[in-house]
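Participant: Supplied in structure tokens, the structure appears directly below.
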Amino acid sequence: MEVQVSVQGARTPTHRSLRFDGPLLVVGGGRVERDLLLALAPRCAGLVGADIGGEVLLDAGLAPDAVIGDMDSVADPGRFPAQTEVIALAEQDTTDFEKCLYSTQAPITLAIGMTGGRLDHTLAALHAVARHAHRRRIVLIDEHDLALGVSGSMALAVGTGARVSIYPLGRTEFAGSKGLLYPLDGLVMEQGKAIGTSNAAVADTIEITVAPGPQGPWLLILDRGLIDAIL
């Protein structure tokens, strides 16, 4: 793990930003399956707790590399081992998950404990993905699904028959697709207008292409058993 000084956006403080050379796992305080956490942790280069998510890691026998948030839910920051960096950020313009996102860099970020439980927490996690999908790969994972934030076009080997859902986080015009039961050619998706849930792969590899010009981010939602395809 490399630590460097980074200046964040105008409404966030200047502080140390953590860089990870492999997958980063961010753990929140929502619903977390212990078996899923223990399966993902060895595959990641870094473990970060979003506020009370640091305690979730400790309770699973895992030492976080960092705990980041406003620390309003951490009962005892002194409980964390000496090697854990505790980054307390008082600003209230962002959630603890988003604080983790703007305080770290990684080639891909897996996030658990961000969905399920309280609906407002789930919506806040989607908001964070929408804001950051243009600059990093973020995957929300729960007991059923994974949701990859996408900015632009993509191709992925998911296997014939896989359930594939497309959900817009802004306004996205799709130029076309290959390997989907219901093609996306010429479709414009936007919340409250049109979405693309419950599609299916009819080929091993799917290709989704957005139209030229600025397009909003979108979610590719798959069965969580396809995490290897993402990694």
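The values are calculated or read from the model by the stated rules, or taken from the named source; none is laboratory data. Keep in mind that what you see is a predicted model, and the values were worked out from it rather than measured. Here the Cβ is made from the backbone with ideal geometry for all residues, glycine too, and neighbour counts use every protein chain on show.
Participant: Looking at region 96-117, can you tell me whether even one residue there is closer than 30 Å to ALA211 by Cβ, in a helix (DSSP H, G or I) and touching a His at 6+ places or on another chain (Cβ under 6 Å)?
Facilitator: Yes, that holds for at least one residue.
Participant: Which pairs have Cβ atoms under 6 Å, sit 6 or more apart or on different chains, and link a residue in region 57-68 that is in the same structural domain as GLY30 (by TED's automatic domain parsing) to one that is in a helix (DSSP H, G or I) and of a type outside the set (A, V, I, L, M)?
Facilitator: ALA60/ARG34; PRO64/GLY54; VAL67/GLY54; ILE68/LYS99; ILE68/CYS100
Participant: Follow-up question, since we're still on this one. Tell me which of these LEU126 doesn't satisfy, since it passes every other one: (1) assigned to a strand (DSSP E or B); (2) more than 22 Å from ARG43 (Cα to Cα); (3) in the same structural domain as GLY30 (by TED's automatic domain parsing).
Facilitator: Going through (1) assigned to a strand (DSSP E or B); (2) more than 22 Å from ARG43 (Cα to Cα); (3) in the same structural domain as GLY30 (by TED's automatic domain parsing) one by one, LEU126 breaks only (1).
Participant: Which residues, counting only those in region 39-51, are surrounded by fewer than 21 Cβ atoms within 10 Å (Cβ to Cβ), under 17 Å from GLY113 (Cα atoms) and of a type outside the set (Gly, Ala, Ser)?
Facilitator: LEU40, CYS44
Participant: On the basis of being closer than 25 Å to LEU58 by Cβ and either small (Gly, Ala, Ser) or surrounded by 19 or more Cβ atoms within 10 Å (Cβ to Cβ) (or both), does THR109 make the cut?
Facilitator: Working: closer than 25 Å to LEU58 by Cβ: yes; either small (Gly, Ala, Ser) or surrounded by 19 or more Cβ atoms within 10 Å (Cβ to Cβ) (or both): yes.
Yes.
Participant: Can you tell me which residues in region 32-56 are free of Cβ contacts under 8 Å to residues at least 40 places away in the same chain and assigned to a helix (DSSP H, G or I)?
Facilitator: Hits for region 32-56 are ARG34, ASP35, LEU38, ALA39, ALA41, PRO42, GLY54, GLU55.
Participant: Is it true that some residue in region 205-215 is farther than 27 Å from ALA111 by Cβ, surrounded by fewer than 14 Cβ atoms within 10 Å (Cβ to Cβ) and either out of contact with any Asp or Glu (no Cβ under 7 Å at 6 or more places or on another chain) or outside the structural domain of HIS134 (by TED's automatic domain parsing) (or both)? Working first, answer last.
Facilitator: Step one: filter region 205-215 for residues farther than 27 Å from ALA111 by Cβ, giving 211-213.
With the extra rule that they be surrounded by fewer than 14 Cβ atoms within 10 Å (Cβ to Cβ), the set shrinks to 212-213.
Pick out the ones that are also either out of contact with any Asp or Glu (no Cβ under 7 Å at 6 or more places or on another chain) or outside the structural domain of HIS134 (by TED's automatic domain parsing) (or both) and you get 212-213.
Yes, there is a match, as at least one residue in region 205-215 is farther than 27 Å from ALA111 by Cβ, surrounded by fewer than 14 Cβ atoms within 10 Å (Cβ to Cβ) and either out of contact with any Asp or Glu (no Cβ under 7 Å at 6 or more places or on another chain) or outside the structural domain of HIS134 (by TED's automatic domain parsing) (or both).
Participant: Could I ask something else about it? Picking from ARG136, ARG131, which residue would you name as being of a type in the set (D, E, K, R) and not in a helix (DSSP H, G or I)? Explain how you work it out, then say what you get.
Facilitator: Values: ARG131 fails: not in a helix (DSSP H, G or I).
Exactly one residue qualifies, and that residue is ARG136.
Participant: Out of region 115-138, which residues are at pLDDT 95 or above and surrounded by 22 or more Cβ atoms within 10 Å (Cβ to Cβ)?
Facilitator: Once the filter is applied, which keeps residues that are at pLDDT 95 or above and surrounded by 22 or more Cβ atoms within 10 Å (Cβ to Cβ), region 115-138 yields ALA125, ALA128, VAL129, ILE138.
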